[in-house]
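Engineer: Please see the structure below; I have some questions.
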Amino acid sequence: MARYTGPKSKIARKFREPIFGPDKALERKNYPPGQHGVSKRRGKQSEYAVQLLEKQKAKYTYGILERQFANLFAKASSKHGITGEVFLKLLEARLDNTVYRLGIAATRSAARQLVSHKHITVNGEVVNIPSYSLRPGDVIAVRERSKSLEAIANAVAGRKLNKFSWLEWDANELTGKFLNYPERAEIPENIKENLIVELYSK
């Protein structure tokens, strides 16, 4: 499965946000990468550059490449509601993202790997497609034979209390439920979806 495998700290510094999780390099160097570092004069960005940067941030945050991102945006555009908000709801409904939100994996890339390696079930059936789109009422669980995996045990042990109202979690059974699509105000990601909509509207 195609995915971004390059340097993550460099990308986090580009956006000045820990989009891949806590990053010590970002804490030490809270300025964009480049040989001139902080001293380099950076001109004012064009409207297109700002919109493109926001789109790239969303792609890196959710771990999606260009074609998948464009297809999902097209799907959001065809639905009722505010396109940008619908788009973020569809991103949140991805199976890999939900596995991450439930705390079964420490990062989205780890969640994607668990799904790809057939450690996760949806409504009792093994699903190995990270981009699988969940619907309200779907039950996500760790496969019985995978419950003893160290990566899963460590992630679950370190998880915080469920703070996402659209998800339900049973720590004893290692199962979660996708209750409903989240409202925009509930999604914690710092993404200005209106800029992405403007970019695709050109």
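Engineer: Given (1) at pLDDT 90 or above; (2) exposed (fewer than 12 other Cβ atoms within 10 Å of the Cβ), where does GLY37 come up short, assuming only one miss?
Structural biologist: Result: GLY37 passes all but (1).
Engineer: Does ALA105 count as crowded, with 22+ Cβ neighbours inside 10 Å and assigned to a loop (DSSP other than H, G, I, E, B)?
Structural biologist: The answer is yes for ALA105.
Engineer: Can you tell me which of (1) touching a residue at least 60 places away in the same chain (Cβ under 8 Å); (2) touching a Ser or Thr at 6+ places or on another chain (Cβ under 6 Å) is the one ARG94 doesn't meet?
Structural biologist: Only one criterion in (1) touching a residue at least 60 places away in the same chain (Cβ under 8 Å); (2) touching a Ser or Thr at 6+ places or on another chain (Cβ under 6 Å) is unmet by ARG94, namely (1).
Engineer: Answer yes or no as to whether GLY103 is touching a helix residue (DSSP H, G or I) at 6+ places or on another chain (Cβ under 7 Å) and on the phi > 0 side of the Ramachandran plot.
Structural biologist: yes
Engineer: For the stretch 121-142, what are the residues that are without any contact (Cβ under 8 Å) to a residue 60 or more places away in the chain, farther than 20 Å from ASN180 by Cβ and crowded, with 17+ Cβ neighbours inside 10 Å?
Structural biologist: THR121, VAL142
Engineer: If you don't mind, there's one more thing I want to ask. Is it fair to say ASN194 is in the same structural domain as ALA70 (by TED's automatic domain parsing), of a type in the set (S, T, N, Q) and not in a strand (DSSP E or B)?
Structural biologist: So ASN194 passes the test.
Engineer: Restricting attention to the stretch 109-120, which residues are surrounded by fewer than 24 Cβ atoms within 10 Å (Cβ to Cβ) and in a helix (DSSP H, G or I)?
Structural biologist: SER109, ALA110, ARG112, GLN113, SER116
Engineer: Of all residues in the stretch 143-159, how many are surrounded by fewer than 17 Cβ atoms within 10 Å (Cβ to Cβ) and either without any contact (Cβ under 8 Å) to a residue 12 or more places away in the chain or of a type in the set (S, T, N, Q) (or both)?
Structural biologist: 7
The values are calculated or read from the model by the stated rules, or taken from the named source; none is laboratory data. Quick caveat, the model's predicted, so the values are computed rather than measured. In this analysis, Cβ positions are derived from the backbone assuming ideal geometry, glycine residues included, and neighbour counts consider all displayed protein chains.
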